[in-house]
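Novice: Below you will find the structure I want to go over with you.
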């Protein structure tokens, strides 16, 4: 039987990136595959939440920029005094925000049992942005599909297939 996990989801947009930076600070980990991750202890009943900014399908690191520098480079450009540049100057080239990440997922980090509604409420309050989708997902099924496709599938799209619009 599949283990279902409460999850909520936001689509990528500049306001989301800036809210992440303002409310959660820099990621605790940045991965070569483009993922950015945060851990916070502000879930219902003090549950630790994992926040994962998922890369687009087939993500490729911008040349001349390490995966550790990607987040800071994007935030610096989005936080500038003028309007947000699109595309962003990253390393030796340019990318739009939607060419980097598809969206943000938030879920209990350590398999703590939570219902979707309290998770969505706590996550929306912590981030200052209400999630667009919430529900229960089968992370194993998503991971298997992503790996089977050679990481050429969008994790966010796979999550959307299992989540309800809130």
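Novice: List the number of the failed condition for residue 84; all other conditions in (1) in a helix (DSSP H, G or I); (2) modelled with pLDDT under 95 hold.
Specialist: (1)
Novice: Residue check: is residue 22 loosely packed, with under 13 Cβ neighbours inside 10 Å, touching a residue at least 40 places away in the same chain (Cβ under 8 Å) and within 18 Å of the chain's Cα centre (by Cα)? So that I can check it myself, show each step before the final result.
Specialist: Details: loosely packed, with under 13 Cβ neighbours inside 10 Å: yes; touching a residue at least 40 places away in the same chain (Cβ under 8 Å): yes; within 18 Å of the chain's Cα centre (by Cα): yes.
Against the criterion (loosely packed, with under 13 Cβ neighbours inside 10 Å, touching a residue at least 40 places away in the same chain (Cβ under 8 Å) and within 18 Å of the chain's Cα centre (by Cα)), residue 22 qualifies.
Novice: Then there's this: Residue 117 - would you say it is surrounded by 14 or more Cβ atoms within 10 Å (Cβ to Cβ), in contact with a helix residue (DSSP H, G or I) (Cβ under 7 Å, 6 or more places away or on another chain), at pLDDT 95 or above and under 30 Å from residue 3 (Cβ atoms)?
Specialist: On the way: surrounded by 14 or more Cβ atoms within 10 Å (Cβ to Cβ): yes; in contact with a helix residue (DSSP H, G or I) (Cβ under 7 Å, 6 or more places away or on another chain): no; at pLDDT 95 or above: yes; under 30 Å from residue 3 (Cβ atoms): yes.
Judged against the criteria, residue 117 is not a match.
Novice: Shifting gears a bit: When the range 6-17 is examined, which residues are found to be closer than 22 Å to residue 61 by Cβ and out of contact with any strand residue (DSSP E or B) (no Cβ under 6 Å at 6 or more places or on another chain)?
Specialist: 13, 14, 17
Novice: Same structure again: Can you confirm whether residue 90 is modelled with pLDDT of 95 or more and either touching a strand residue (DSSP E or B) at 6+ places or on another chain (Cβ under 8 Å) or more than 20 Å from residue 119 (Cα to Cα) (or both)?
Specialist: Working: modelled with pLDDT of 95 or more: no; either touching a strand residue (DSSP E or B) at 6+ places or on another chain (Cβ under 8 Å) or more than 20 Å from residue 119 (Cα to Cα) (or both): yes.
No, not satisfied.
Novice: Separate question: Taking the condition modelled with pLDDT under 95 and in contact with a helix residue (DSSP H, G or I) (Cβ under 9 Å, 6 or more places away or on another chain), does residue 30 pass? Please lay out each step first, then the result.
Specialist: Details: modelled with pLDDT under 95: yes; in contact with a helix residue (DSSP H, G or I) (Cβ under 9 Å, 6 or more places away or on another chain): yes.
In short, yes.
Novice: For the condition surrounded by fewer than 17 Cβ atoms within 10 Å (Cβ to Cβ), touching a residue at least 40 places away in the same chain (Cβ under 8 Å) and in a strand (DSSP E or B), what is the one hit in 39, 9, 53?
Specialist: Values: 9 fails: surrounded by fewer than 17 Cβ atoms within 10 Å (Cβ to Cβ); 53 fails: surrounded by fewer than 17 Cβ atoms within 10 Å (Cβ to Cβ).
None of the others qualify; the one that does is 39.
Novice: Listed residues 160, 105; which is within 20 Å of residue 71 (Cα to Cα) and either under 17 Å from the mean Cα position of the chain (by Cα) or outside any helix (DSSP H, G or I) (or both)?
Specialist: Working: 160 fails: within 20 Å of residue 71 (Cα to Cα).
When all the criteria are applied, what remains is 105.
Novice: One residue is enough: does the range 66-73 have a residue meeting the conditions surrounded by fewer than 20 Cβ atoms within 10 Å (Cβ to Cβ) and in a loop (DSSP other than H, G, I, E, B)?
Specialist: Within the range 66-73, one or more residues are surrounded by fewer than 20 Cβ atoms within 10 Å (Cβ to Cβ) and in a loop (DSSP other than H, G, I, E, B).
Novice: A further question on this structure: Looking only at residues in the range 120-139 that are assigned to a loop (DSSP other than H, G, I, E, B) and on the phi < 0 side of the Ramachandran plot, which one is surrounded by the fewest Cβ atoms within 10 Å (Cβ to Cβ)?
Specialist: 130
Novice: Sticking with this structure for a sec: Please specify each residue of the range 25-36 satisfying the condition of being assigned to a strand (DSSP E or B) and touching a residue at least 12 places away in the same chain (Cβ under 8 Å). Give the derivation first.
Specialist: Let us first name the residues in the range 25-36 that are assigned to a strand (DSSP E or B), namely 29-30, 36.
Scanning the range 25-36 gives 30, 36.
The values are calculated or read from the model by the stated rules, or taken from the named source; none is laboratory data. Model, not experiment: these values are computed from the prediction. Every residue, glycine among them, receives a Cβ derived from its backbone with ideal geometry; neighbour counts consider all protein chains shown.
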